[in-house]
1. Taking the stretch 248-307 on its own, how many of its residues are among the charged types (D, E, K, R), in a helix (DSSP H, G or I) and closer than 23 Å to Ala49 by Cβ?
2. In the stretch 473-489, is there at least one residue being buried (at least 16 other Cβ atoms within 10 Å of the Cβ) and farther than 26 Å from Val78 by Cβ?
3. Collect the residues in the stretch 447-470 that are among the small types (Gly, Ala, Ser) and modelled with pLDDT of 90 or more, keeping them in residue-number order.
4. Take the residues in the stretch 179-225 that are under 19 Å from Trp69 (Cα atoms) and of a type in the set (Asp, Glu); name whichever of them is modelled with the lowest pLDDT.
5. Output the qualifying pairs, or none if there are none: Cβ atoms under 9 angstrom, residues six or more apart or on different chains, first residue in the stretch 454-481 and at positive phi, second residue buried (at least 16 other Cβ atoms within 10 Å of the Cβ).
6. Ile449: without any contact (Cβ under 8 Å) to a residue 60 or more places away in the chain and part of a helix (DSSP H, G or I), yes or no?
7. Any chance the stretch 1-20 includes a residue that's modelled with pLDDT under 75, in contact with a Gly (Cβ under 8 Å, 6 or more places away or on another chain) and either buried (at least 24 other Cβ atoms within 10 Å of the Cβ) or not in a helix (DSSP H, G or I) (or both)?
8. Tyr71 fails exactly one of the following numbered conditions: (1) in contact with a Leu (Cβ under 8 Å, 6 or more places away or on another chain); (2) crowded, with 21+ Cβ neighbours inside 10 Å; (3) of a type outside the set (Gly, Ala, Ser); (4) under 17 Å from Thr519 (Cα atoms). What is the number of that condition?
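The values are calculated or read from the model by the stated rules, or taken from the named source; none is laboratory data. Please read all numbers here as calculations on a predicted model, not as lab measurements. Using ideal geometry, Cβ is built from the backbone for each residue, glycine included, and neighbour counts are taken over all protein chains shown.
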Amino acid sequence: MTTAITIGMIIIYVAIMMGIGVYTARQTRSVSDFVLGSHSVGSWLTAFAYGTSYFSAVVFIGYAGQFGWTYGVSAAWVGIGNALLGSLLAWIVLGRRTRIMTQSLGAKTMPEYFEKRWNSKGLKIAAALIVFVFLIPYTASVYNGLSRLFNMAFQIESEGAYKIIIIVMALLTAIYVILGGYAATAINDFIQGIVMLIGIAAVVICAIQNQGGLTSALAALGEIEVNGKTNTLNSVFGPDPLNLLGVVILTSLGTWGLPQMIHKFYAIKSENDIKKGAVISTVFALIVAGGSYLLGGFDRLFCTLTEDGSGKTVISTLSNGKPDFDAMIPSLLHTALPDILIGLVVVLVLSASMSTLSSLVLTSSSTLTIDLIKPNLKKCSDKKEMLIMRVLIAVFLVISVLLAFNKNASISTLMSYSWGALAGAFLGPFMYGLFSRKITKPAVWTSFILGIGLTLVHMFLFGFGWNPELSKAAASLPLNLASPINAGAIAMLLSLIVVPVVSALTKVKDPKHVEQVFTCYAAPEKKD
């Protein structure tokens, strides 16, 4: 009966999603319609699109499971950081200036912004390649999280079924994004966001009630030993505040340099909508991210690494020697939720993930088409350009699906390398470039090289298990340098430091061009 209800809810959800794709396809006649929704998307749709692109199965299944296990209820600080730093402050600092400058420059993508802001085709090409390559592992991590949830809901264990689930999710994403572009994703994101808000609240309440209420759950957490100490998993800052801070920085500051997130500011309708959107997206993040990480904080009450007679679900160890963190939240849900809510949770995570996937594939395909392929074609009509984007959506999804087939690649690792590379390369140049005329082209190149270089070096040293002794030594430091999360956070902070430093040591070569770029802020806003 439960399986039938779950399948029924999924069918209804998919039908609505496809219907929106067909509806918006009729209104998608140009590249601007496909990529930006013709700059006509209001505050509610944009805020929900921002939030649902931010939070997916990666957060709900991967990050909540791993960091809840590691930091206990103090993992909720990650959700608070996501709301205040990753949402509110990002909208306040970047929203208005991004919208004005990108519209003035006619930039549809982040690489196009780099080209027109610094008058450099080289920056555009480099940025486009970075976007395409490093969005792939993030997309794969979303598929990984989705498949875990479906395994829990339908008790599917076979390798073949795991792959089929991933392929079906990719096909569904491709259909509605190919049909309707940004407008389809924005409307779907709004519906998906409502499902996420209701679902998260219901799941957190049920999990806590399963342990006898909040007081009892916190007391039970306090009894669990971590590194020989008790009463750490139920404390305000948890057993490891320093490394918890690394998670907050990566997942919160990262949004400031991620093309799929910044893209929402390109497309928003007006400056007034930015003010409203800042409030809406912050409340959304507090509920969804705060609830997800708080839920993860209780996963040790439902899971164990070895059979101890407590009745908890035993979490297996992967071939790389690490616990299967991605199985923890599905195990918690299977134990804590009444059968009727399983269907709601499946639709919840499906909603969160499909919205993120649509944002990722649209960003990747539009970047590759507009920034790399179109400039090398003699004639490229809007129709031909949209066809190329739609083909590249399929290509991007195929590559990410193949990567997702590797179950040993944990969700948090894939996402950390993706966010670390992208935000480590783009954060400083993009943000400073909106505010300062003094930021130079060499400073942008330095940030690109540093962000990607640090990510690749870390992957080869620690990501593939080739240097176990070095990894062990790096992990034993107060700040775990073997962690891809901390590596990503360091790359972002370095980007913020090196860009102004290098700019102070070099000169702006085309001051007239820069002055022309910044005239956009002096002009009155165009009325829509």
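1. Of the residues in that region, 5 qualify.
2. We begin by selecting, within the stretch 473-489, every residue buried (at least 16 other Cβ atoms within 10 Å of the Cβ); these are 474, 480-489.
Filter once more, so that each one left must be farther than 26 Å from Val78 by Cβ: none.
The answer is no; no qualifying residue exists.
3. Result: Ser447, Gly451, Gly453.
4. The residue in question is Glu225.
5. Gly465/Ser471
6. Working: without any contact (Cβ under 8 Å) to a residue 60 or more places away in the chain: yes; part of a helix (DSSP H, G or I): yes.
Here the answer is yes, as Ile449 does meet what is asked.
7. no
8. Tyr71 satisfies every listed condition except (4).
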